[in-house]
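Here the structure comes first, spelled out in structure tokens, and everything after it is commentary.
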Amino acid sequence: MKIHVYTKTSLAKQEDNPTQHNTTKYNTTSLLLDLPHLPPIFNSTQNQNLPSESKNTSISTIIESIPFPIMSHTPPQALDSEEPASESAATAAQTPDSHAATLLHLSFNQDSGCFAAATDRGFRIYNCDPFREIFRRDFGPGGGVGLVHMLFRCNILAFVGGGADPRYPPNKVMIWDDHQSRCIGELSFRSEVKGVRLRRDRIVVVLAHKIFVYNFSDLKVLHQIETIANPKGLCDLSHVSATMVLVCPGLQKGQVRVEHYASKRTKFIMAHDSRIACFSLTHDGRLLATASSKGTLIRLFNTLDGSLLQEVNSMSFPLSLFCSRINLRCC
């Protein structure tokens with residue numbers, strides 16, 4: 001897949017649309033990014049040596065210099081500079097914590113093998129099994145990241161600023177290439193970004209009442225979806241390359257909307273009587289698990305026909321549910 005990046009310019013706003021966004025892209029190089037075959041940057045294998053890249057090296061040259069550095073389970077790194085390092089990230093100089101970071105957000109990567117933590121100073125990457133911190137980037141004071149999402153284990157992440165001293169405005173999604181230690185794309189909106197989801201071919205941005213689906217290769221809008229008030233930024237994607245399924249809140253309380261993009265079908269499911277608290281898709285998008293704000297029931301649906309497959313009483317007393325994952329081995 002090729003990501004086109006252009007000289008930083010903002011497309012014209014449409015003043016009649018309060019949610020209209022601007023797209024900002026950087027320099028005139030085409031980013032050759034074969035995402036399905038990208039070697040992982042955040043992994044538990046042994047470090048690989050990567051030749052140093054000068055600041056003037058083109059993006060295409062950097063991408064074609066695969067393999068990327070592999071993050072080993074050495075003590076966590078604190079990379080303070082936003083400039084490209086003169087050595088691989090895995091062997092960069094380590095600095096101790098001078099400030100206790102405040103956690104702002106957590107998100108699993110697409111295969112749930114690791115997760116990213118956004119803090120008021122940057123972000124950190126953790127491996128799930130065995131559990132340990134494998135990478136961190138510390139932007140220092142003024143480096144607050146409110147949302148962070150990984151693209152599997154590669155060098156591409158999506159940021160939204162947050163905290164008391166954000167690095168980026170809360171209405172912008174920054175596409176970050178950690179190999180180059182800089183942003184390679186930007187999406188701007190007129191309201192705060194509530195959530196971001198990534199696929200190898202798509203970027204999904206969630207606002208309070210609207211969802212935008214972008215093509216990753218050129219950052220063009222492919223679809224816009226109106227939703228009920230969505231302050232948690234609820235949204236989920238399938239990750240099988242042949243198909244794409246998106247689930248988001250519908251226009252009614254307790255309703256979820258399922259978009260099957262391959263078959264161009266939309267399915268509405270009345271999942272609960274109360275407000276939706278969280279939901280999760282399987283990787284192929286065939287099954288959907290939902291939970292309501294009451295926190296007593298978890299329901300499993302077939303996304304193709306909307307049928308209820310199973311209902312689980314989570315507890316005899318209500319819980320506040322924030323995240324759910326489906327284990328395919330149990331389905």
Could you grab me the full set of residues in the stretch 186-210 that are assigned to a strand (DSSP E or B) and either more than 23 Å from ARG265 (Cβ to Cβ) or of a type in the set (A, V, I, L, M, F, W, C) (or both)? GLU186, LEU187, SER188, GLY195, VAL196, LEU198, ILE203, VAL204, VAL205, VAL206
Residue among LYS267, LYS253 that alone is more than 22 Å from GLN110 (Cα to Cα) and part of a strand (DSSP E or B): LYS267
Just the residues that are under 17 Å from the mean Cα position of the chain (by Cα) and either among the aliphatic types (A, V, I, L, M) or buried (at least 24 other Cβ atoms within 10 Å of the Cβ) (or both), please, taken from the stretch 125-134. ILE125
Against the condition closer than 22 Å to PHE108 by Cβ, among the aromatic types (Phe, Trp, Tyr) and either out of contact with any Ser or Thr (no Cβ under 9 Å at 6 or more places or on another chain) or modelled with pLDDT of 95 or more (or both), how does PHE159 come out, does it pass? yes
Determine, yes or no, whether SER241 is under 24 Å from LEU304 (Cα atoms) and modelled with pLDDT under 95. yes
Does any residue in the stretch 210-222 that is surrounded by 20 or more Cβ atoms within 10 Å (Cβ to Cβ) and modelled with pLDDT of 95 or more come within less than 6 Å, Cβ to Cβ, of a residue that is of a type outside the set (Val, Ile, Thr) and not in a strand (DSSP E or B) six or more places away or on a different chain, and which pairs are these? none
Looking for something in a loop (DSSP other than H, G, I, E, B), out of contact with any strand residue (DSSP E or B) (no Cβ under 7 Å at 6 or more places or on another chain), at pLDDT 95 or above and not hydroxyl-bearing (Ser, Thr, Tyr) - is there at least one such residue anywhere in the stretch 163-177? no
Matching residues, the stretch 251-279, being surrounded by fewer than 17 Cβ atoms within 10 Å (Cβ to Cβ), within 20 Å of GLY295 (Cβ to Cβ) and in contact with a Ser or Thr (Cβ under 6 Å, 6 or more places away or on another chain): SER274, ARG275
Counted residues, the stretch 211-233 - those being in a strand (DSSP E or B) and under 16 Å from VAL196 (Cβ atoms): 10
Quick one: ARG202 ticks every box in (1) of a type in the set (D, E, K, R); (2) closer than 24 Å to ALA277 by Cα; (3) surrounded by fewer than 20 Cβ atoms within 10 Å (Cβ to Cβ); (4) within 17 Å of the chain's Cα centre (by Cα) bar one, so which box is it? (2)
When the stretch 289-310 is examined, which residues are found to be surrounded by 11 or more Cβ atoms within 10 Å (Cβ to Cβ), at pLDDT 90 or above and of a type outside the set (A, V, I, L, M)? THR290, ARG299, PHE301, ASN302, THR303, GLY306, GLN310
Residue list for the stretch 234-250, restricted to those being part of a loop (DSSP other than H, G, I, E, B) and crowded, with 18+ Cβ neighbours inside 10 Å: LEU234, CYS235, SER238, HIS239, MET244, GLY250
So how many residues does the stretch 140-155 have that are within 23 Å of VAL204 (Cβ to Cβ) and assigned to a loop (DSSP other than H, G, I, E, B)? 5
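The values are calculated or read from the model by the stated rules, or taken from the named source; none is laboratory data. Quantities reported herein were computed from a predicted structural model and do not represent experimental measurements. Counting neighbours? That spans all protein chains shown, and the Cβs are built from the backbone with ideal geometry, glycine included.
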